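Below is one structure; the comments refer to it alone.
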């Protein structure tokens, strides 16, 4: 690229960024009130109306209007300039910021991409493409956009290794992808090169290691459709602490009281569970160990669960899990795998399979059971999460790592469906409610073919807080 083009593109970038800083983005379709336009914009608009075939007049309107944050008029100017001159890297770059500020993110990305095609050696064009990819709406995929932004920033830095704005944008993108360690290193390196880089100071503070702690309490009611159990109630108390965005320790206690009928006599049985979880995670990758102790009033010994899982994220998140449960009357083994795919910023889908097998102490081992699970995760607002889940297959004493909990140590689980809604009331307080229906088959090594249902109603509260770890 020639020096003239470099200086021109730099001037365009300066103009649009100055305007972007001075005026916030507005929803798509928002219009500027002509009566309230600055005099400079009105003058540039009048000049273009007087000379509609003048490329210079169209370009001036695009530049002047962007300086004053008049995004409709800026886009009008650059669009007219493009119509007069044909597609060019200059007009493509000029349209990006007005489109972003008007909420037309998809068109902005297309314009930025066009600029890189027309001027592939322009670091400014690649930096603008990266910036457009960092902006997203709930109907776009933030995860994939950040990966694309990081790639575009790296291309800009390859073309111009001294581009501090691209280096800073890359550091913020890495932070947005959850890698505080690399982001902190990048911001620190920027400060070491030039202490006056405006973004580096706030970046170092934002990327500092953090701590997080919290607790939750849930109450559950159980209703049964079989002839022996009638109703139940349960409570869960949970607490956790996370240090440096790396290590997390979680403890969970769960107590169930279930009313059953034995020989025409109502009996209340209890089940207590204590779970400990220790995990190490970084930038979307991690491993976790899980230990559970189970104490049932119908058993004379404490039963145990040992498990673990690992996951890795590269756009999608892949995970694998395994557990061995030891009960008074047998053992259950579990292996599983899953994948989570971000479709849009407000929508992800999750699919998983668990293979389980029951090894009784005195009877024949069961066949391997396979349980399929599919979930849709919705985040319509920053304060609301909705999860819909369906399951089908056969499961023997399956473990749910996310809860954690043991389900149905006697009967085989055949499937079910669940709905969970969580709403954040304040930065530190959330409420959660849910309903689940679970289909149960007969116990192992029996000939019964009947199906019963367990209905679970849950409501709970979560309190959590976080802060920076001072260095």
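Please enumerate the residues belonging to segment 84-100 that are touching a residue at least 12 places away in the same chain (Cβ under 8 Å) and more than 14 Å from residue 117 (Cα to Cα).
Initial filter on segment 84-100 (touching a residue at least 12 places away in the same chain (Cβ under 8 Å)): 84-85, 87-100.
Selection gives 84, 85, 94, 95, 96, 97, 98, 99, 100.
Please work out if residue 178 is surrounded by 15 or more Cβ atoms within 10 Å (Cβ to Cβ), in contact (Cβ under 8 Å) with a residue 60 or more places away in the chain and not in a strand (DSSP E or B).
Taking the combined requirement at face value, the residue satisfies it.
From the residues in segment 332-347 that are part of a strand (DSSP E or B) and at pLDDT below 90, which one is surrounded by the most Cβ atoms within 10 Å (Cβ to Cβ)? Looking at residues that are part of a strand (DSSP E or B) and at pLDDT below 90, I get 344.
Mind listing just one residue for me: the one in segment 210-265 that is farther than 22 Å from residue 294 by Cβ and without any contact (Cβ under 8 Å) to a residue 24 or more places away in the chain and, of those, surrounded by the most Cβ atoms within 10 Å (Cβ to Cβ)? Per the criteria, the residue is 265. When residue 143 is tested against (1) buried (at least 17 other Cβ atoms within 10 Å of the Cβ); (2) in a helix (DSSP H, G or I); (3) at pLDDT 90 or above, only condition (3) is not met.
Only one residue in 180, 154, 229 is modelled with pLDDT under 95 and outside the structural domain of residue 382 (by TED's automatic domain parsing). Which one?
Working: 154 fails: modelled with pLDDT under 95; 229 fails: outside the structural domain of residue 382 (by TED's automatic domain parsing).
Criteria check complete, one pass: 180.
All of 186, 152 fail the test of being over 25 Å from residue 246 (Cβ atoms) and surrounded by 20 or more Cβ atoms within 10 Å (Cβ to Cβ), apart from 152.
Residues being within 23 Å of residue 458 (Cα to Cα) and surrounded by fewer than 13 Cβ atoms within 10 Å (Cβ to Cβ): count how many of those fall in segment 266-282.
Let us first name the residues in segment 266-282 that are within 23 Å of residue 458 (Cα to Cα), namely 268-277.
So of that shortlist, the ones also surrounded by fewer than 13 Cβ atoms within 10 Å (Cβ to Cβ) come out as 268.
Summing the residues that are within 23 Å of residue 458 (Cα to Cα) and surrounded by fewer than 13 Cβ atoms within 10 Å (Cβ to Cβ) in segment 266-282 gives 1.
The values are calculated or read from the model by the stated rules, or taken from the named source; none is laboratory data. Everything numeric in this text was worked out from a predicted model, so none of it was measured. Heads up, the Cβs are rebuilt from the backbone with ideal geometry, glycines too, and the neighbour counts pull from every protein chain shown.
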